[in-house]
Amino acid sequence: MLEPYFRGATSAAMHLSTVETRLTYRVREPSHCRFNIEVAHWPTQTIVSEQLTITPEVALHTHVEPASGNRFLRFDVPPGPLEVHYKADVEVHWERPADDLQELPVNEVPDALIGDLLPTRFCESDLLCAFAREQFGQLPPGAARVRGIVDWVHRHIAYRPGSTNATSTAQDVLAQRAGVCRDFAHLCITFCRALNIPARLVAGYVWFDEPPQDFHAIFEAWLGGRWVLFDATGMAPVDRLVRIGTGRDAKDVAFSTVFGAVEMTDKLVSVLEHDPREPVAVQGAPMLAA
């Protein structure tokens, strides 16, 4: 039922995008692959058309997580070249939430979201609890506090490709004050959880100004009984993100997970927006999600 997630919305819009990814690999031994690149089954977006091609031909197993709508591709692949190509036309339906959404007391957080309050591998909210409380504890609770976290991360963390790797955590990013989109999201999630605000990571496709295009990671916080999207990088409006995956941190929404000797040789991600966009604002219109 979507109604509770859209109560209090102040405006509505729909955006159409064509998204595409082409991934190529060199497989050195028989291996098993899992991909999360297809557009998620999600209430705020509609898949108009899509196509998937895997070369060589494989026996494909697909799986959809009921709660998140994440769609996974799994298959065995022999040694040799591998190419995975996906393309889709997607409508994103956006409703702007009210600006004064409030935090819920912990005892009112739904059972299904308790995990979004706990530390995870990349979001060590227990270790950064004292910092978060000192830095953000005095801010007005609710959406204003989350916007304060987003603004702080945007101002104090430099967006620097290559500054982190697949094992970097929120604590690492805070120490070195640099990272990429997933690091910005992880740090915001960590601060939110440290303040008892459920938060989780969202991965998707969205067009942004500085090439090359790539998968983009943002986060959402549970406010006023609903999920609201934020992006501390300020790279693109959250209302245009085409959702691929939702999880507690990046390990849950990795676009590629391989079991075996597989080397990526090329990655192409492209996004074509079919309608004009408004100027980007860092704290701008957070997006309601189901």
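Here the accessible area is traced with a 1.4 Å probe on the protein chains. For region 84-150, carbon and sulfur cover 51 percent of it. Loop-located trypsin sites (Lys or Arg not before Pro) in region 179-285 (DSSP state other than H, G, I, E, B) with a sparse environment of at most 16 neighbouring Cβ atoms within 10 Å: Arg277.
A cut-off of 5 Å between modelled amide H atoms, ignoring neighbours fewer than 5 places along the same chain, links Val109 with no other residue. The residues of region 191-271 expose on average 30 square angstrom of accessible surface per residue, using a 1.4 Å probe on protein heavy atoms.
Taken one residue at a time, the phi angles of region 130-142 give Karplus couplings (6.51, -1.76, 1.60, θ = phi - 60°) of 4, 4, 4, 5, 5, 7, 10, x, 8, 6, x, x, x Hz. Gly and Pro are set to x. I'd like the orientation of helix 181-194 relative to the chain: the angle between its Cα long axis and the longest Cα principal axis, in ° from 0 to 90, rounded to 10. The angle comes out near 40 degrees. Summarising the amide proton neighbourhood of Ile37: residues at separation of 5 or more, or on other chains, whose placed amide H is nearer than 5 Å comprise Leu73. Shape class of region 193-266 from the Cα gyration tensor (axes a ≥ b ≥ c, square roots of the eigenvalues): oblate, since a/c reaches 1.5 or more and a/b does not exceed b/c.
Comparing Ile157, Ile244, Ile189 in a Gaussian network model of the chain (Cα springs below 10 Å), the most mobile by mean-square fluctuation is Ile157. In order along region 63-80, the phi-based Karplus estimate (6.51 cos²θ - 1.76 cosθ + 1.60, θ = phi - 60°) of 3J(HN,Hα) comes to 8, 10, 6, x, 6, 9, x, 4, 10, 10, 10, 10, 6, 8, 9, x, x, x Hz; Gly and Pro are listed as x.
The values are calculated or read from the model by the stated rules, or taken from the named source; none is laboratory data. What you are looking at is a predicted structure, and each value in this text was computed from that prediction instead of being measured. Don't worry about glycine lacking a Cβ; one is built from the backbone with ideal geometry, like all the others, and counts go over all protein chains shown. Protein only, heavy atoms only, side chains kept; ligands, DNA and RNA dropped before computing areas. Shrake-Rupley method; radii C 1.70, N 1.55, O 1.52, S 1.80 Å.
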